């Protein structure tokens, strides 16, 4: 499959990121990159997922699947995020059964977007 | 082009939607459907964009473009949403210049997701 896990590297966390230090989003990206990446998943840093009040934020997307954006993440969530990404990658449509989703995905979803429907060529 | 404007029809608005009445999301969808739809844009109702605390919510997406989710919308915003959808459709990558975006899109973005990169076939 071809799942992309986008990680915002410019994200701050409310009240815990003094100016001038490494952004919490960059720390989250580093934590993710330091773990074994599930097969089928590519980690991609990105500058801003427009979820600035809900940092740190990550997004899961794949061709033909629902896309999801999650917020209020931190480096301590890296392993769980990758578990969730693997479940997403294994799903047919991006809809992982509720009970099997990591709790941080159940409780910290910021938004989801339906799969893109390509126009029919006639 | 092939822009889809997804409209959550199950969205509530905090404090203004008594149980049993038509959902504000459905009212927003009706307001949008009653206006002339910009060329290239398709309005698509959807049950839940997982932005339940930020209703009403809508999403803009198109193949190869950044996707956006907006929240805290209402039927009174329908015409502005369609203006924003037309600008999105006219853009090459979904990134409408900041100054030309409707104010509700500048201030009420919940999240955005980068374009999906299709795997290279070799």
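Conditions (1) at pLDDT 95 or above; (2) buried (at least 20 other Cβ atoms within 10 Å of the Cβ); (3) not in a helix (DSSP H, G or I), marked per residue:
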{"residue": "A:88", "(1), (2), (3)": "yes, yes, no"}
{"residue": "A:95", "(1), (2), (3)": "yes, no, yes"}
{"residue": "A:106", "(1), (2), (3)": "yes, no, no"}
{"residue": "A:112", "(1), (2), (3)": "yes, yes, yes"}
{"residue": "A:121", "(1), (2), (3)": "no, no, yes"}
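Residue B:24 - would you say it is free of Cβ contacts under 8 Å to residues at least 24 places away in the same chain, more than 11 Å from the chain's Cα centre (by Cα) and buried (at least 19 other Cβ atoms within 10 Å of the Cβ)?
Numbers: free of Cβ contacts under 8 Å to residues at least 24 places away in the same chain: no; more than 11 Å from the chain's Cα centre (by Cα): yes; buried (at least 19 other Cβ atoms within 10 Å of the Cβ): yes.
Against the criterion (free of Cβ contacts under 8 Å to residues at least 24 places away in the same chain, more than 11 Å from the chain's Cα centre (by Cα) and buried (at least 19 other Cβ atoms within 10 Å of the Cβ)), residue B:24 does not qualify.
Do the conditions hold for residue A:56, that is, is it surrounded by fewer than 24 Cβ atoms within 10 Å (Cβ to Cβ) and part of a loop (DSSP other than H, G, I, E, B)? Step through it out loud before you land on a result.
Values: surrounded by fewer than 24 Cβ atoms within 10 Å (Cβ to Cβ): no; part of a loop (DSSP other than H, G, I, E, B): yes.
So residue A:56 fails the test.
For the range B:8-42, how many residues meet the condition of being in contact with a strand residue (DSSP E or B) (Cβ under 6 Å, 6 or more places away or on another chain) and on the phi > 0 side of the Ramachandran plot?
Residues meeting the conditions: 1.
Look through the range A:30-44, keep the residues that are within 14 Å of chain B (Cβ to nearest Cβ) and crowded, with 17+ Cβ neighbours inside 10 Å, and return whichever of them is farthest from residue A:83 (Cα to Cα).
Quick first cut of the range A:30-44, residues within 14 Å of chain B (Cβ to nearest Cβ) only: A:39-44.
Now drop any that are not crowded, with 17+ Cβ neighbours inside 10 Å, which leaves A:41, A:43.
Details: A:41: 11, A:43: 13 Å.
So the residue we want is A:43.
Answer yes or no as to whether residue B:32 is within 24 Å of residue A:50 (Cα to Cα), within 12 Å of the chain's Cα centre (by Cα) and modelled with pLDDT of 95 or more.
On the way: within 24 Å of residue A:50 (Cα to Cα): no; within 12 Å of the chain's Cα centre (by Cα): yes; modelled with pLDDT of 95 or more: yes.
No, not satisfied.
A quick yes/no check of all residues on (1) at pLDDT 95 or above; (2) over 22 Å from residue B:50 (Cβ atoms):
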| residue | (1), (2) |
| --- | --- |
| A:13 | no, no |
| A:17 | no, yes |
| A:28 | yes, no |
| A:37 | yes, yes |
| A:46 | yes, no |
| A:66 | yes, no |
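Tally time: how many residues in the range B:67-93 are more than 25 Å from residue B:10 (Cβ to Cβ) and touching a strand residue (DSSP E or B) at 6+ places or on another chain (Cβ under 8 Å)?
2
The values are calculated or read from the model by the stated rules, or taken from the named source; none is laboratory data. Just so it is clear, the structure is predicted and the values come from calculations on it, not from any experiment. Using ideal geometry, Cβ is built from the backbone for each residue, glycine included, and neighbour counts are taken over all protein chains shown.
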